[in-house]
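Here's the structure, in structure tokens; my notes come after.
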Amino acid sequence: MFERDAWELADAVRAGDCSAKELLETHLERIERINPVLNAVCYLDVDQARARADEIDSAVAAGRDPGPLAGVPIGVKELVSVEGWPDTEASLIYKHRVAAHDSAEITRLRGAGAVLVGLTTASEFGAVSFTNTPLHGITRNPWNTEHTPGGSSGGSASAVAAGLFPACTGGDGGGSIRIPAAYCGLPGMKTTYGFAGTGPSMFSFSQTAVHGPMVRSVRDSARYLDVIAGPTLTDPYSLAKSEPFEGRIVSGEAIAALRGLRVAWSSTLGYASTEHAVSALAREAAEALIDVAGMELVDVPIELPKPGTSWTVLGTVNEMAHHYEEMRDRVADLSDVMRMSVASFEHLRPEILLKAMRGRWATVAASAAVFEEVDLVLTPTTPTAAFGAEGTLGGVVNGKEVSLMGLSAAFTAPFNLTGQPACSIPAGIVDGLPVALQVVARRHDDVHCLAAAALVEQIRPWPKLAPLATAG
């Protein structure tokens, strides 16, 4: 049962073919047995989950439809607020804080019939692309536990790939859905900025982060996004609810609409370096997609500005707007990365802030120029497969030393700065670890990304679960 997609499980519960309680107990048993190896789940609310599963089963027995996620056990990334649960931001400084309310995403998931089970680990404040914090320690990749599942949605990705949950919440401010998806062999969709309104907490000043799912299939992604889509009163950047995705994906309408689209490929975006084996597999998947979809590959030069300064500085300012006083007063309890963030903020010079803001404008302009010529841009999702589980702030790609940005987020972060939709699609295996293709579209053309992923899923199906999920 744990091998099945979330949409299949939900539809089975709605039809009375299985119970929400049965689904929950199956996944609780797997969490108890497998999570000690991965450290992907950091909090469980078993009593509340069982009570919710009973509510779902009672609704079905009474002839009511609990919703499109009926009975699906879901893990919640620990950067998301669930009333009464720990509200830690994955940091020691908030270790004892309890959430006073549900976030908008959680409210919508509850309304769709989901069973919220517990929290999954994340990187502290979502700041890095690996999951290792003073609060919870190291989270591991179920494809190879010596490697990271990525970050900041690392626990969610690890849990889904290992079959601990059929779906988990994720978030992507610089690649934090797409990078863990690539490292763990999952599809990972980052929507247009504003797709799902946030709140009731303070909205993001950085205007880069979005909410979305960690799941094993494209249809699951579409259904989850249909549930959480739409504006909130507390988010001034939130957009009107889009036309639902799932029906267009399942009917083939969205896939058919790919025919004739103009597509560009880049393994550098003008500045990045990609390991040859990773680039080769991503390019192979891209060519298969282009051929089967009937799209046109065009030669368009892509030279975007390096995203490092803009993404890092603007992200730091955003985090400090939310948490500076608490971080300042307990700096010794922070991870090394967050201590450096506090110090850099306190010494931030006006010219660096101007450089960051102007760099973002330049990135938007450069991307707009490319998308005047093409409908989609295809890249590797990450320059390498997953690195060591402990994490690192830099590495080597093709013999060249790079920062953590260059090691993992070189292809993802620019499209957070531009607010464009982008999807990571499993492309193959390098040295036993998954690697991926990224599809980027214009803002509001999210359905093209999902359609491309659905087509690749058909023609180059990926393993739904990591080896650890079925071992022993």
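Laboratory data are not the source of any read-out in this text; all were calculated from the coordinates shown. Keep in mind the model is a prediction, meaning the values are calculated, not measured. Virtual Cβ from ideal backbone geometry, glycine too; neighbours counted across all protein chains shown.
Some values worked out for this structure:
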| quantity | calculated |
| --- | --- |
| Order by protection proxy (mean Cβ within 10 Å, highest first), peptides 152-161, 340-349 | 152-161, 340-349 |
| Mean ellipticity per residue at 222 nm, deg cm²/dmol - from DSSP H runs of n ≥ 4 across the chain, formula -39500 (n - 2.57) | -12000 deg cm²/dmol |
| Separation of the F205 and Y237 label points, Cα + 7 Å toward Cβ, nm | 1.3 |
| Average Cα contact separation per residue, the chain, under 8 Å, 6 or more apart, as relative contact order % | 18 |
| Long-range amide H partners of V98 with built H, under 5 Å | D87 |
| Calculated FRET efficiency for the pair D17/E401, C-beta based, R₀ 60 Å, to 0.05 | 0.65 |
| Relative exposure of H101, H27, judged by other C-beta atoms within 10 Å (fewest first) | H101, H27 |
| In Hz, Karplus ³J(HN,Hα) per residue of the stretch 61-70 (6.51, -1.76, 1.60; θ = phi - 60°; x = Gly, Pro) | 4, 8, x, 9, 8, x, x, x, 10, 3 |
| Protection proxy ranking of 397-410, 116-129 - average other beta-carbon atoms within 10 Å, highest first | 116-129, 397-410 |
| Order of F415, F371 under a 10 Å beta carbon neighbour criterion, fewest first | F371, F415 |
| Estimated vicinal HN-Hα couplings, Hz - the stretch 448-454 in sequence order (Karplus 6.51, -1.76, 1.60; Gly, Pro = x) | 5, 5, 5, 5, 4, 5, 5 |
| For the chain, size of Cβ-based charge dipole, Lys and Arg +1, Asp and Glu -1, in debye | 480 |
| Mean Cβ neighbour count within 10 Å, used as a protection proxy, ranking 432-439, 271-278, 210-217, 258-265 highest first | 210-217, 432-439, 271-278, 258-265 |
| Likely footprinting exposure, E351, E296, E326, fewest C-beta neighbours within 10 Å first | E351, E296, E326 |
